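Encoded as structure tokens, the structure appears first; notes follow it.
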Amino acid sequence: MKYILPKIIIFFLFLTGIERVYAQQPPNYVLYRYTMNVINPAYAAADGTTSFTFDLRSQLQGIDGSPRTQTFFGSIPYNERIGLGLSVVNDRTFIERETGVFVDFSYKLQLSDDVNLFLGLKAGGEFIDINANGLQTFNSVVDPLLQDENLFNPNVGVGFLLQHENYFVSLSSPGILNTNRFETQNGVVTEASNELLLFLSGGYNFTISDEWLFKPSFLLRYLKGIPLSADITTAFQYNAIIEFGVAYRTDSAISGLALFTVNDWLDIGYAYDNSLRSELTEQGRNTHEFLLKFKIL
């Protein structure tokens, strides 16, 4: 295994470095450990079960046009090695609405009795609707940057997941094709592109007692031209029924989270995210996230 994993990582970096790559940045989920399907197709049915997850995220309460995100993803094992999935993310911010629809495929390689490596592919695209009528301007001349746009950008993504009962390591890029959200008009540059986005995540489950687990984890985001961002989470799980913890995002946010296993087929999660940015009002710093996961065993 120690020889296989470095080769996979090198191949992954080579693949994403062939050309300038663009990807629409997914929302910053506080419950990222349970929404990894959105950014990494290798997670499709990696747990061996059929499941459907809904996540609702409302950011920066009290600010008009602040981001609102509705996320759905489901996965099903096709056989012992192949998993299939579908993810839909509807993201609205101010005058822009983007809906990404992707189909996921994962393939399992058993490296040892208790370690599996999942390889994933994601294919689909984003429907982008920009409503310039939502802007109030005081200029009689129409700025070409402020035109309505309706676009569809096809894309593909890749991902890898190294999974053990006690730990995981995830590396992915949800979009590796060149995608543009505007175009050049009459010689005026009106193009807005999305740069290469990479995710690296990992976590470990430490057994404290028969009832308690300590579950630290992290998620790193790399986007060209923007400082590296990281979520660092510490959580405790009691008797496989309730999980609670806190998280810190390096670009100034602190969060609290809780996840309840109601029964064998339903998990309910909630997270509260508070921005530490001084330029935001006290009310505008609040973000709420709700998660429902239905499992068919």
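Would you check which residues across the stretch 209-222 are closer than 24 Å to TYR43 by Cα, at pLDDT 95 or above and among the charged types (D, E, K, R) and list them?
LYS215
Within the stretch 209-255, take every residue that is surrounded by fewer than 16 Cβ atoms within 10 Å (Cβ to Cβ) and of a type in the set (Asp, Glu) and give me the one that is farthest from ASN286 (Cα to Cα).
Ranking the candidates gives ASP210 first.
Within the stretch 179-208, which residues are modelled with pLDDT of 60 or more and not in a strand (DSSP E or B)?
GLU195, LEU196, ASN205, ILE208, listed by residue number.
Could you list, ordered by first residue, the pairs with Cβ atoms under 8 Å in which the first is in the stretch 111-123 and in a loop (DSSP other than H, G, I, E, B) and the second is surrounded by fewer than 15 Cβ atoms within 10 Å (Cβ to Cβ) and of a type outside the set (Asp, Glu), at least 6 apart or interchain?
LEU111/MET1; LEU111/ILE4; SER112/MET1; ASP114/HIS164
Taking only the stretch 61-81 into account, find how many residues are in a strand (DSSP E or B) and either modelled with pLDDT of 95 or more or under 15 Å from ASN37 (Cα atoms) (or both).
8
If I go through the stretch 82-106 residue by residue, how many of them are over 20 Å from the mean Cα position of the chain (by Cα) and part of a strand (DSSP E or B)?
Number of matching residues: 1.
The values are calculated or read from the model by the stated rules, or taken from the named source; none is laboratory data. Because the structure is a prediction, the values reported are computed rather than measured. When we count neighbours, we look across all protein chains shown, and the Cβ atoms used for this are built from the backbone with ideal geometry, even at glycine.
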